[in-house]
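Working notes, structure below.
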Amino acid sequence: MQIQPCLNLKLRQADRVLTSHYNGYLSDVGIKVTQFSVLRALWHMKSCSQQQLEKVLLVEQATLTRSLQPLIRGGYIERTADAADRRVMLCSLSESGKALYKDAEKRWKQAQKSVEKKLGPELIEQLLSSSSALIEMKS
């Protein structure tokens, strides 16, 4: 009798390995890949609410807060009240946050190239396609 593999377990194991790989490259700049994802989103979005970041990154509020807090304390992310609704706080990269992002992006690209070299273009395309299909389950 063959035991059916658990898709969730396999994906979580793969995620842990991939996260550790990227963290190894980003450790020189003192951030983790989860924080890099926040910096990258803010780099492209310029300014957005925490709720918008949650939707883009597909994370819960507590998870995003754990990534945001050290970046805010470090002065890399600024929070300002939204002019249209003062209750909403907008996040954006400070000048030091932009510099951190550019430095971290170089290391992220190295990690990315390393994974691409190890897995090859066909498997990368399959992973991206499969990941997109899984993400669509959220809707």
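The values are calculated or read from the model by the stated rules, or taken from the named source; none is laboratory data. All values reported here derive from a predicted model rather than from experimental measurement. Note that we place each Cβ from the backbone using ideal geometry, even for glycine, and neighbour counts take in every protein chain shown. The protein model used for the area step is the full one, side chains on, heavy atoms only, and it has no ligands, DNA or RNA in it. Shrake-Rupley method; radii C 1.70, N 1.55, O 1.52, S 1.80 Å.
Annotation note: Cβ proximity below 7 Å between a residue of the stretch 58-69 that is at pLDDT 90 or above and a residue that is outside any helix (DSSP H, G or I) and open to solvent by 70 Å² or more (accessible area, probe 1.4 Å) (sequence gap 6+ or interchain) occurs for Leu58/Lys138.
Counting only residues that are outside any helix (DSSP H, G or I) and of a type in the set (S, T, N, Q), which one in the stretch 47-68 is least open to solvent (accessible area, probe 1.4 Å)?
At the first step, the residues of the stretch 47-68 found to be outside any helix (DSSP H, G or I) are 47-49, 58-60.
Now drop any that are not of a type in the set (S, T, N, Q), which leaves 47, 49.
Values: Ser47: 59, Ser49: 11 Å².
In this case the residue turns out to be Ser49.
Scanning the stretch 122-139 for residues that are more than 22 Å from Asn23 (Cα to Cα) and assigned to a helix (DSSP H, G or I) yields Glu122, Glu125, Gln126, Ser129, Ser130, Ser132, Ala133, Leu134, Ile135, Glu136. Applying the set (1) assigned to a loop (DSSP other than H, G, I, E, B); (2) open to solvent by 70 Å² or more (accessible area, probe 1.4 Å) to Arg40 leaves exactly one unmet item: (1).
Candidates in the stretch 21-32 are the residues that are part of a helix (DSSP H, G or I) and touching a residue at least 60 places away in the same chain (Cβ under 8 Å); of these, the one that is surrounded by the fewest Cβ atoms within 10 Å (Cβ to Cβ) is Asp28.
I want to confirm something. Restricting to the stretch 72-117 and keeping residues that are of a type in the set (A, V, I, L, M) and touching a residue at least 40 places away in the same chain (Cβ under 8 Å), which single residue is surrounded by the most Cβ atoms within 10 Å (Cβ to Cβ)?
Applying the filter and picking the extreme gives Leu100.
Is it fair to say Leu18 is in contact (Cβ under 8 Å) with a residue 12 or more places away in the chain, in a helix (DSSP H, G or I) and either open to solvent by 40 Å² or more (accessible area, probe 1.4 Å) or closer than 26 Å to Ala133 by Cα (or both)? Judged against the criteria, Leu18 is a match. Looking across the stretch 21-35, the residues that are closer than 17 Å to Val115 by Cα and among the hydrophobic types (A, V, I, L, M, F, W, C) come down to Leu26, Val33.
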